[in-house]
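Data first, discussion second: the structure below is written as structure tokens.
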Amino acid sequence: RRKNVAPRRIVNTQAQAKASSPVAGGYAAALVDACKSAGALEAVHDDLETVAGYLAANEGTAAFLANPVVGEEKKKEILQKLAGEASFHAFTTNFMQLLVDKKRMNQLSAIIEEFETLFCEATDTQVATVTSAVKLENEQQFMIAKKLQEMTGAKNIKLKPEVDESLLGGFVVQYGKDGSGFIDMSVKGQVRQLSNVFVQ
């Protein structure tokens, strides 16, 4: 299902983020191990991206699911409906039901973040944030991903597109562990470089 250099939009996840608690890290690691054994890692990863996007767009639902006062059956009804509409893998559905049973739905976002980190490690995926003055076309994202793959040697490249009009034009790419890699192809960056030259 994945092409080596096809960019993917990530919603509300930070691939390099650490788990906010040992609980989140433990659940995410257990899920990754189970998915590997069953050959379901890609499918569950896609599902969790959908969950993250849904929660980001529906803050009321996210708060509802995390509310300890709300009954478990009501939470499961919402999750079952989402799973059915998005055609989730059985592993994803069962995992979220488990979180409800264990009263860990308040950890869902942290678990998804940690799962993302572990997934990238397991699949040799390099994550890069591409910030541009205007929204980039798919072809432009593909070319950036291809260039990053050549530079890093990573098997897969995943782009997180962001828009910052203050760049005036062009784009900035941040990649590598803790975002240590940096490529500035923005008009703002070029103006800064020119300014430095004339200052000297």
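The values are calculated or read from the model by the stated rules, or taken from the named source; none is laboratory data. Computed from a predicted structure; not experimentally measured. Don't worry about glycine lacking a Cβ; one is built from the backbone with ideal geometry, like all the others, and counts go over all protein chains shown. Ligands, DNA and RNA are stripped out before the accessible areas are found, and what is left, the full protein with its side chains, is counted by its heavy atoms. Shrake-Rupley method; radii C 1.70, N 1.55, O 1.52, S 1.80 Å.
The number of residues in segment 50-77 that are surrounded by fewer than 16 Cβ atoms within 10 Å (Cβ to Cβ) and hydrophobic (A, V, I, L, M, F, W, C) comes to 6.
Just to verify a result, which residue in segment 110-135, among those that are assigned to a helix (DSSP H, G or I) and more than 22 Å from residue 56 (Cβ to Cβ), is most open to solvent (accessible area, probe 1.4 Å)? Ranking the candidates gives 121 first.
On inspection, residue 131 does not qualify as without any contact (Cβ under 8 Å) to a residue 40 or more places away in the chain, among the hydroxyl-bearing types (Ser, Thr, Tyr) and within 26 Å of residue 49 (Cα to Cα). Please go through segment 1-46 and pick out each residue that is under 14 Å from the mean Cα position of the chain (by Cα), at pLDDT below 90 and among the β-branched types (Val, Ile, Thr). Hits for segment 1-46 are 10, 11, 13.
Of the strands (runs of 3 or more DSSP E) lying entirely inside segment 136-200, those containing at least 2 residues that are touching a residue at least 60 places away in the same chain (Cβ under 8 Å) and closer than 25 Å to residue 116 by Cα span 156-163. Applying the set (1) surrounded by fewer than 15 Cβ atoms within 10 Å (Cβ to Cβ); (2) touching a residue at least 24 places away in the same chain (Cβ under 8 Å) to residue 95 leaves exactly one unmet item: (1).
Residue-wise test of (1) under 23 Å from residue 36 (Cα atoms); (2) within 18 Å of the chain's Cα centre (by Cα); (3) acidic (Asp, Glu); (4) modelled with pLDDT of 90 or more.
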site: 93; (1), (2), (3), (4): yes, no, no, yes
site: 97; (1), (2), (3), (4): yes, no, no, yes
site: 104; (1), (2), (3), (4): yes, no, no, yes
site: 107; (1), (2), (3), (4): yes, yes, no, yes
site: 127; (1), (2), (3), (4): yes, yes, no, no
site: 169; (1), (2), (3), (4): no, no, no, no
site: 182; (1), (2), (3), (4): no, no, no, no
site: 189; (1), (2), (3), (4): no, no, no, no
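Residues of segment 146-170 that are touching a helix residue (DSSP H, G or I) at 6+ places or on another chain (Cβ under 9 Å) and either open to solvent by less than 50 Å² (accessible area, probe 1.4 Å) or closer than 24 Å to residue 124 by Cβ (or both): 154, 155, 156, 157, 158, 159, 161, 167, 169, 170. Among residues of segment 19-48 being open to solvent by 30 Å² or more (accessible area, probe 1.4 Å) and among the acidic types (Asp, Glu), the one that is nearest to residue 107 (Cα to Cα) is 33. Listed conditions (1) over 24 Å from residue 158 (Cα atoms); (2) out of contact with any helix residue (DSSP H, G or I) (no Cβ under 7 Å at 6 or more places or on another chain); (3) modelled with pLDDT under 95; (4) in a helix (DSSP H, G or I) are all met by residue 49, apart from (1).
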